[in-house]
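The values are calculated or read from the model by the stated rules, or taken from the named source; none is laboratory data. Just so it is clear, the model here is predicted, and its values are computed rather than measured. Cβ: placed from backbone, ideal geometry, glycine included. Neighbour counts: every protein chain shown.
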Amino acid sequence: MTTQNNVILIVDNDEDALEVMGHEFTSRGLEILIAHNGKEALEVIDHHNVAAVVTDISMPFMNGIELSKEIIGNLPVVIVTGCEAQFEDKVVDLCDSYVDKLDLKECLYQATMKAIERHEINKAINAEAAAA
């Protein structure tokens, strides 16, 4: 991973999904923080330095789409969904990547690392442009 920050925020109201997703990162030496909905996630983001946010779509209080609208551009966002086809048109502009829940073990870690890398490249480009 290119970033010095190794904290991934996972947002889902399903404890089993949190466990599976968490294992994908902790087994690779990354730290995770957990939130159960978008509102909790925003609080975590306000108090912790996270490298990326991995979020489900369907959650109470604030869903993953609403959360993504709040943070896209500031943090890399990976949306995880069990209904990829239903939400694909809604999430493509709101995240850096999205992963079907059926493909978590195969794709989640890699998609998140690529999202972080793209985000860091964009930040560097923007910083260079601002300095010029």
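Criterion first (under 19 Å from ILE8 (Cβ atoms), in a helix (DSSP H, G or I), modelled with pLDDT of 90 or more and under 13 Å from the mean Cα position of the chain (by Cα)) does LEU67 satisfy it? Answer is yes for this residue. Taking the criterion of being of a type in the set (A, V, I, L, M, F, W, C) and closer than 19 Å to HIS119 by Cα, would at least one residue in the stretch 58-69 satisfy it? Yes, there is a match, as at least one residue in the stretch 58-69 is of a type in the set (A, V, I, L, M, F, W, C) and closer than 19 Å to HIS119 by Cα. Restricting attention to the stretch 1-51 and to residues that are out of contact with any strand residue (DSSP E or B) (no Cβ under 8 Å at 6 or more places or on another chain) and in contact (Cβ under 8 Å) with a residue 24 or more places away in the chain, the residue that is surrounded by the most Cβ atoms within 10 Å (Cβ to Cβ) turns out to be GLU24.
The set of residues in the stretch 102-120 that are farther than 18 Å from VAL53 by Cβ and without any contact (Cβ under 8 Å) to a residue 12 or more places away in the chain comprises ASP103, GLU106. Cβ-Cβ under 8 Å, sequence separation 6+ or interchain: first residue in the stretch 75-90 and more than 14 Å from MET21 (Cα to Cα) and modelled with pLDDT under 65, partner part of a helix (DSSP H, G or I) and not aromatic (Phe, Trp, Tyr). Which pairs? Filtered contacts from the stretch 75-90: PHE87/ILE65; LYS90/ILE65.
One residue is enough: does the stretch 38-56 have a residue meeting the conditions of a type outside the set (Asp, Glu), farther than 25 Å from ASN122 by Cα, in a loop (DSSP other than H, G, I, E, B) and over 12 Å from the mean Cα position of the chain (by Cα)? Step through it out loud before you land on a result.
Start the filter on the stretch 38-56 by keeping residues that are of a type outside the set (Asp, Glu), which leaves 38-39, 41-42, 44-45, 47-55.
Now drop any that are not farther than 25 Å from ASN122 by Cα, which leaves 39.
Retained after the next criterion (residues that are in a loop (DSSP other than H, G, I, E, B)): none.
No, every residue in the stretch 38-56 fails to be of a type outside the set (Asp, Glu), farther than 25 Å from ASN122 by Cα, in a loop (DSSP other than H, G, I, E, B) and over 12 Å from the mean Cα position of the chain (by Cα).
Examine the stretch 18-25 for a residue that is over 21 Å from ASN6 (Cβ atoms) and either among the small types (Gly, Ala, Ser) or modelled with pLDDT of 90 or more (or both), and state whether such a residue exists. Within the stretch 18-25 (the criterion being over 21 Å from ASN6 (Cβ atoms) and either among the small types (Gly, Ala, Ser) or modelled with pLDDT of 90 or more (or both)), the answer is no, since none of the residues qualifies.
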